[in-house]
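Colleague: Here it is, the structure, as structure tokens.
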Amino acid sequence: MFKRRYDDLRVDIKMRKNSCRSRHVALTIAGSDSSSAAGIQGDLRMFSALGVYACTVITAITAQNTREVRNVAPIEADLVSRQISCIISDIPPSAVKIGMIHNVSAIKAAANALSSIKCPIVLDPVMYATNRAALIENDAHHYLLSTFAPNLHVITPNIEEAENLSGERITRQKDFLKAAKRIQKSGARNVIITGGHGSSKLSSDYLLQEDGNEVLISRSRIPIKELHGSGCNFSAALTAFIARGFSLRDAFELANESIHKIIQNAYHIGRGLPVTDPVFHVYNDASRFKVLQRIQEALDYIESIENLGHLIPETQSNIVYALEGAKRIDDVAGVKGRIVRIGNKAKPSMHAQFGSSYHTANAILAYHASNPKVRSAMNIKFDRRIKSICSSRFNTSSYQRNKEPKQIKSQDGRSIFWGVTEALRKKPGAEIIYHTGDIGKEAMTMIFGYEPFDVIKKLKLILGEYP
């Protein structure tokens, strides 16, 4: 009996080990960025965001923030080499990204340590930080490409770096080809030139493949002058997709799409440049899933509540749940359609999704702007009995729709937002907010809570005392 259990355990462990070995692994060789937007830290987040296990070799320690690079302390060449050998002997990577390597001795050591490796190598020829601080010694510039050329799969300079490597000026899209061909002659089989640092209305990324095929991806430039981390993020994304088995062209297109989304969500974390954050969308996607899951659980429960149909107004109900920091209707999940009355019960007409509610979503957006902890709301009908129950049970406030300013009334959808804001101005922390209607507008009660089941708890208290 005990032997069988032990054998089963060994089989389980073996299966787990084989499963672990099937994971995609990428190795990044780069400097440490103490602000965490670029370098090793940025690569770690990007690899993780794209489902790739990250191994690291640190080539330098930097003292930097979003405004400046104050110091660069290179790691000894022998230690760089030992880090690489240690990793590849135990955890063979599916792709390698090379970023900042500060001096010639470290470049040669890294190239020698990688000489036997069979996987694709991506070289991001980092020369300067965004604030123009030098990240590589002057005499090391020309060693980068030639030293790694024998095993190099693709190089990813930005426009300035491509000009430095090729000796060609890049001012128009047609200049990409001439510069890329010059870089190819120096030993890079495939060349990607990223155009995020350009000045035109379009931001263009360009790929020249070793067979001569060209790919140009152009997008409207996002109105952000400079960013910290976007270049590292692109080459890391490219490496991750290559590690996952995508062709270079597909990896290029997927990396471009990923970076575009990341740049759209860049934000200020310090007093200098805005930063890119590869895990932003991972957290956002997870949050959206959890919100949808919770609102669906609430809807399933609402269907089971006896006599709830008596609280559904003529214009019907909705229950919503907002993401943390919600700013827009698309950040709020609710029933697509409404919650309708069927006999003495309430039933959602369709499933829950983001951006499906309008009036109730505007109500929670207004409340959430005042108190970020409050993220859920549901509307029910209004009458004197409900008013009495709410006034005795909860902190209650109200507003009058007939006193709504004309400039607010003329803006579609702003009425509810204005009303909730006005009610909270009169009584901060109100759990229930109602209005008595206006011409063509049904009177309404709005229940607020931290999350959907907090709202439902208050809903059931009202229903329990309602005739």
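Colleague: For a quick check: sort CYS55, CYS119, CYS86 by the number of other beta carbons within 10 angstrom, fewest at the front. Don't jump to the answer; show the numbers that get you there.
Modeller: Working: CYS55 22, CYS119 18, CYS86 13.
Least to most surrounded, the residues fall as CYS86, CYS119, CYS55.
Colleague: For each of HIS368, HIS228, HIS153, count neighbouring Cβ atoms within 10 Å of the residue's Cβ, then give the residues from fewest to most. Show your work: numbers first, answer last.
Modeller: Details: HIS368 24, HIS228 27, HIS153 20.
Taking fewest neighbouring Cβ atoms as first place, the list is HIS153, HIS368, HIS228.
Colleague: Which residues in region 419-445 have a backbone N closer than 17 Å to a point placed 7 Å from the Cα of ASN395 along the Cα-to-Cβ line?
Modeller: Label zone hits: 420-434.
Colleague: Straight-line reach only, C-alpha to C-alpha below 25 angstrom: list the lysines that LYS403 could link to, leaving out same-chain residues fewer than 8 apart.
Modeller: Within the straight-line limit of under 25 Å, LYS403 reaches these lysines: LYS381, LYS387, LYS426, LYS427, LYS441.
Colleague: For region 399-467, with only Lys/Arg (+1) and Asp/Glu (-1) charged at the beta-carbon, what is the dipole magnitude about the Cα centre, in debye rounded to 20?
Modeller: 260 debye
Colleague: Between helix 359-370 and the chain, what is the angle of the helix's C-alpha long axis to the longest principal axis, kept within 0 to 90° and rounded to the nearest 10?
Modeller: The angle comes out near 70 degrees.
Colleague: Taking neighbour counts of Cβ atoms within 10 Å as a proxy for exposure, in what order, fewest first, do VAL374, VAL291 appear?
Modeller: Least to most surrounded, the residues fall as VAL374, VAL291.
Colleague: Another question about this same structure. Using a Förster distance of 56 Å, how high is the FRET efficiency between GLU465 and VAL282, based on the Cβ-Cβ distance and rounded to 0.05?
Modeller: Using R0 = 56 Å, I get an efficiency of 0.80.
Colleague: With contacts defined as alpha carbon pairs under 8 Å and 6 or more residues apart, what's the relative contact order of the chain in percent?
Modeller: 10 percent
Colleague: Figure the gain on full extension for ILE224 and TYR53 (residue separation times 0.36 nm, minus the Cα-Cα span) and round it to one decimal in nm.
Modeller: Going from the current span to full extension adds 58.5 nm.
Colleague: Nothing charged except the Cβ atoms of Lys and Arg (+1) and of Asp and Glu (-1): what's the magnitude of the dipole of region 283-465 about its Cα centre? Round to the nearest 20 debye.
Modeller: 460 debye
Colleague: log10 I(q)/I(0), Debye, Cα-only region 283-465, no solvent, q = 0.13 Å⁻¹?
Modeller: Cα-only, vacuum Debye calculation for region 283-465: -0.59.
Colleague: If each DSSP helix of 4+ residues adds -39,500 (n - 2.57) and the sum is divided by the residues in the chain, what number results at 222 nm, nearest 500 deg cm²/dmol?
Modeller: -13000 deg cm²/dmol
Colleague: Would you mind calculating the gained length between LYS118 and GLU214 on full extension (0.36 nm times residue separation, minus the Cα-Cα distance), in nm to one decimal?
Modeller: 32.0 nm
Colleague: For region 2-278, with only Lys/Arg (+1) and Asp/Glu (-1) charged at the beta-carbon, what is the dipole magnitude about the Cα centre, in debye rounded to 20?
Modeller: Computed charge dipole of region 2-278: roughly 720 debye.
Colleague: What do you get for the angle between helix 452-465 and the principal long axis of the chain? Use alpha-carbon atoms, 0 to 90 degrees, nearest ten.
Modeller: Taking the Cα atoms of the chain, the angle to 452-465 is about 10 degrees.
Colleague: Figure the gain on full extension for ARG182 and ARG249 (residue separation times 0.36 nm, minus the Cα-Cα span) and round it to one decimal in nm.
Modeller: 22.1 nm
Colleague: Let me ask another. What's the angle, to the nearest 10 degrees (0 to 90), between helix 414-426's Cα axis and the longest principal axis of the chain?
Modeller: For helix 414-426, the angle is close to 70 degrees.
Colleague: So, in Å, what gap is there between the alpha-carbon centers of region 393-459 and region 320-339?
Modeller: Result: 16 Å between the Cα centres.
Colleague: Give me the Å³ per residue figure for the convex hull around the C-alpha atoms of region 327-427.
Modeller: Once divided by residue count, the hull of region 327-427 is 131 Å³.
Colleague: Out of (1) 1.21; (2) 0.98; (3) 1.12, which label holds the value of Rg/Rh (Cα atoms, Kirkwood Rh) that was computed here?
Modeller: (3)
Colleague: To check you understand DSSP bridge types, tell me what percent of the beta bridges within the chain (both residues inside) are antiparallel, rounded to 5.
Modeller: Working: 41 of 66 bridges.
Counting DSSP beta bridges with both partners in the chain, the antiparallel share is about 60 percent.
Colleague: Continuing with this model, one more query. Once both labels are modelled 7 Å past Cα along the beta-carbon direction, what's the LYS441-ARG67 spacing in nm?
Modeller: 4.8 nm
Throughout, read-outs are computed from the coordinates displayed, never taken from laboratory work. Remember, it's a predicted structure, so these values are computed and weren't measured experimentally. Counting neighbours? That spans all protein chains shown, and the Cβs are built from the backbone with ideal geometry, glycine included.
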